[in-house]
Amino acid sequence: MEPTPYWEPAEDCYIIHYTKVCVNALGLEEGWDEPVGLKTEIVPLTRPYGLWTGNVFTGVVLVDGKPVPDAEVEVEYLNEDAENVSLLKAPSDPYITQVVKADKNGVFTYAIPKEGWWGFAALNEDSRKIKSPDGQKKSIEIGAVYWVKTRAIK
């Protein structure tokens, strides 16, 4: 399924984010490291569940099934609890969105410092264009998004 593009006036482009999460079900531990054929996706090289705080998450960024050399991957912590109360106070913006670069094979690694949900997003420009609300052809940002959850060792 491809999400509907949405117009983002602040970025003067359309955005399509292809989001994935993988959970362990019925004791089956197969397929978590397989591409699913999205326009862009992150394929985990680290099993994306059963992660402790301090584990690393490694993945490869793909566009049209091919690795993206030197892809930039933004990493963010879902910084709220069940009542939507912020848990952490970041000292400045660079602490909110961490950035890691993939290598020449599209592979990136991030050490997860805190328990909770972590989102990884690799943003690229699609080759297609879409007409904006004012009728001009505009670019499409395609985002490969992957969510993992970590738990603290107690």
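Each reported figure results from applying straightforward, stated rules to the coordinates on display, with no laboratory input. For clarity, every value in this text was computed on a predicted model and none was experimentally measured. Here the Cβ is made from the backbone with ideal geometry for all residues, glycine too, and neighbour counts use every protein chain on show.
Please work out the FRET efficiency for the pair GLN136 and VAL56, using the Cβ-Cβ distance as r and a Förster radius of 41 Å; give the result to the nearest 0.05. Between GLN136 and VAL56 the formula returns 0.45. Each residue of the range 112-127 was assigned a 3J(HN,Hα) from its phi angle through the Karplus curve 6.51 cos²θ - 1.76 cosθ + 1.60 (θ = phi - 60°); the sequence is 8, x, 9, 5, x, 8, 10, x, 10, 9, 10, 9, 9, 9, 6, 6 Hz, with glycine and proline shown as x. If R0 is 22 Å, the Cβ-Cβ spacing of VAL99 and ALA25 corresponds to a FRET efficiency of close to 0.10. In the range 26-147, Rg over Rh equals 1.02, where Rg is the alpha-carbon radius of gyration and Rh the Kirkwood radius from pairwise Cα distances. Basic side chains Lys and Arg get +1 at the Cβ, acidic Asp and Glu get -1 at the Cβ, and with that the dipole of the range 6-151 about its Cα centre reaches some 200 debye.
Each residue of the range 48-57 was assigned a 3J(HN,Hα) from its phi angle through the Karplus curve 6.51 cos²θ - 1.76 cosθ + 1.60 (θ = phi - 60°); the sequence is x, 9, x, 9, 8, 4, x, 5, 9, 10 Hz, with glycine and proline shown as x. Under 5 Å from the amide H of LEU38 lies no amide H of any residue 5 or more positions distant or on a separate chain, with H modelled from the backbone and absent for Pro and chain starts.
Site pair ASP33 and TYR49 shows an inter-label distance of 1.7 nm when each label is modelled 7 Å from Cα along Cα→Cβ. With helices as the sole contributors, the chain gives -500 deg cm²/dmol at 222 nm; each DSSP H run of n ≥ 4 counts as -39500 (n - 2.57), and the sum is divided by every residue. Note on LYS129 and LYS114: their simple-model spin labels are 4.2 nm apart, each label 7 Å out from Cα toward Cβ. Please check which bits of the range 95-128 a label hung off LYS89 would reach, taking the label as a point 7 Å along Cα-to-C-beta and the cut-off as backbone N under 16 Å. Under cut-off, by backbone N: 95-96.
Need the list of aspartates and glutamates near LYS66 for cross-linking: C-alpha distance under 12 angstrom, and skip anything on the same chain fewer than eight residues off. Of all the aspartates and glutamates, those that pass the test against LYS66 - Cα under 12 Å, at least 8 places apart if same chain - are GLU41. Backbone amide hydrogens, once placed in the peptide plane, bring GLU80 within less than 5 Å of LEU87, excluding anything fewer than 5 places away on its chain.
With 31 Å as the limit on Cα-Cα distance, the pairs of LYS89/LYS131; LYS104/LYS131; LYS101/LYS149; LYS20/LYS114; LYS39/LYS149; LYS39/LYS89 that go past it are LYS89/LYS131; LYS104/LYS131; LYS39/LYS89. Here's how it looks for ALA71: its modeled amide H is under 5 Å from those of ALA102, GLY106, which are all 5 or more places away or on a different chain.
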